Amino acid sequence: MHQFKVNAKAAFDGAVWQWHQEYGTWARDDDMPEPREMYIAVFLEEVTAANGPLLFIPKSHKSGVLQAGHDLETTSYPLWTLDRATVTRLAEAGGIVAPMGPAGSVVMFHGNLVHASPPNISPFNRTIVYLSLCAVSNHIRRFKRAEWIAHRDFTPIEPLTDDCLDELAAARDKAPAL
Ligand SMILES: O=C(O)CCC(=O)C(=O)O
């Protein structure tokens, strides 16, 4: 896992994320060899049309790594962002969708999928946890960004059993009350 982050897009103040591809940043900043990265988003709060949902351009991941410019100003996080002509061309072909759902919903998407999100002008917070993952053999080769942004522990993730949360809850229930 190369990155684990919490994007708290706060009510009224949550800011824009410009159009970009995840792998565009991993390739250019961190020298990840192949676009074999996946992104997992876990909604900690309900995501609606009003509170700054993610916006996806369906099938845009099939276009490979698109030309991009390094945006250090308009986002709270340096990103390799796509120009308007590219976004227009892709959106005219594939449309734009916003994955929405209640807290606990999970979205998995390819590292080359073009996405963005608008500001959150609503009175409702929109917190999403993101995991950036890729095959261990494809780990980043350049260590330019801070370790807390681009993790360098390449230990494979071990899957737990399907009922691991039940086991945890049972252990907790058995523990003596303090
Ligand atoms: O959380 C958001 O609104 C956008 C996040 C995003 O695009 C990213 O983390 O790359």
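Of all the numbered requirements in (1) open to solvent by less than 60 Å² (accessible area, probe 1.4 Å); (2) at pLDDT 95 or above; (3) within 23 Å of Glu158 (Cα to Cα), Thr48 misses one, and that requirement is (3). The strands (runs of 3 or more DSSP E) falling completely within the stretch 79-161 that include 1 or more residues that are within 16 Å of the ligand (Cβ to nearest atom) and open to solvent by 80 Å² or more (accessible area, probe 1.4 Å) map to 106-110.
Out of contact with any strand residue (DSSP E or B) (no Cβ under 9 Å at 6 or more places or on another chain) and at pLDDT 95 or above: is that true of Pro33 in this structure?
Answer is yes for this residue.
Across the stretch 37-56, the qualifying residues are those that are more than 18 Å from Pro119 (Cα to Cα) and touching a Gly at 6+ places or on another chain (Cβ under 7 Å), and the one among them that is nearest to the ligand (Cβ to nearest atom) is Tyr39.
All of (1) at pLDDT 95 or above; (2) farther than 18 Å from Gly104 by Cα; (3) within 13 Å of the chain's Cα centre (by Cα); (4) crowded, with 21+ Cβ neighbours inside 10 Å hold for Ser60 with one exception: (3). Scanning the stretch 26-36 for residues that are open to solvent by 10 Å² or more (accessible area, probe 1.4 Å) and either within 16 Å of Ala68 (Cβ to Cβ) or within 14 Å of the ligand (Cβ to nearest atom) (or both) returns Ala27, Arg28, Asp31, Pro35. When restricted to residues that are modelled with pLDDT of 95 or more, within 12 Å of the ligand (Cβ to nearest atom) and part of a loop (DSSP other than H, G, I, E, B), the stretch 3-25 contains 2.
The values are calculated or read from the model by the stated rules, or taken from the named source; none is laboratory data. Here the structure is a predicted model, which is why all the values come from computation and not from measurement. Every residue, glycine as well, gets a Cβ built from its backbone with ideal geometry; the counts of neighbours run over all protein chains shown. To get the accessible areas, we keep the full protein, side chains included, count just its heavy atoms, and leave off ligands, DNA and RNA. Shrake-Rupley method; radii C 1.70, N 1.55, O 1.52, S 1.80 Å.
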